[in-house]
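Every number in this text was worked out from the coordinates using simple rules, so none of it is lab data. Since we're looking at a predicted model, the values are computed, not measured.
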Amino acid sequence: GAVGYLSWNGNMDTAIGIRTAVIKDKQLHIQAGAGVVADSKPELEWKETMNKGRAVFRAVAMAEAGLEKHLCEGED
């Protein structure tokens, strides 16, 4: 699917969501995908998809670690 926006002044921007993260009911859901074509190798596409998912997971973990650090230091 696509992720994007439409503004009141007519601007629009969209992108294919090949890496997404959604928090629902206090649980993180990570989705990733790859482009499969006629000569794709399934095992390599699987690795690519898993690597994309891990990248999102690492980004969330880094953000969470930074937030916890600031909260421990008494910052808002």
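Under the Kirkwood approximation applied to all pairs of distinct alpha-carbon atoms, what is the hydrodynamic radius of the chain in Å?
Hydrodynamic radius (Kirkwood, Cα pairs) of the chain is 15.3 Å.
Angle, helix 42-72 long axis vs. longest principal axis of the chain, Cα atoms, 0 to 90°, nearest 10?
The answer is roughly 10 degrees.
Within the chain, how many Lys pairs that are eight or more residues apart, or on different chains, come under 30 Å at the alpha-carbon?
Summing the qualifying lysine pairs gives 8.
Tell me, what is the percent relative contact order of segment 2-72, built from C-alpha pairs under 8 Å that lie six or more residues apart?
Working: 56 pairs, mean separation 14.7, N = 71.
About 21 percent, as a whole number.
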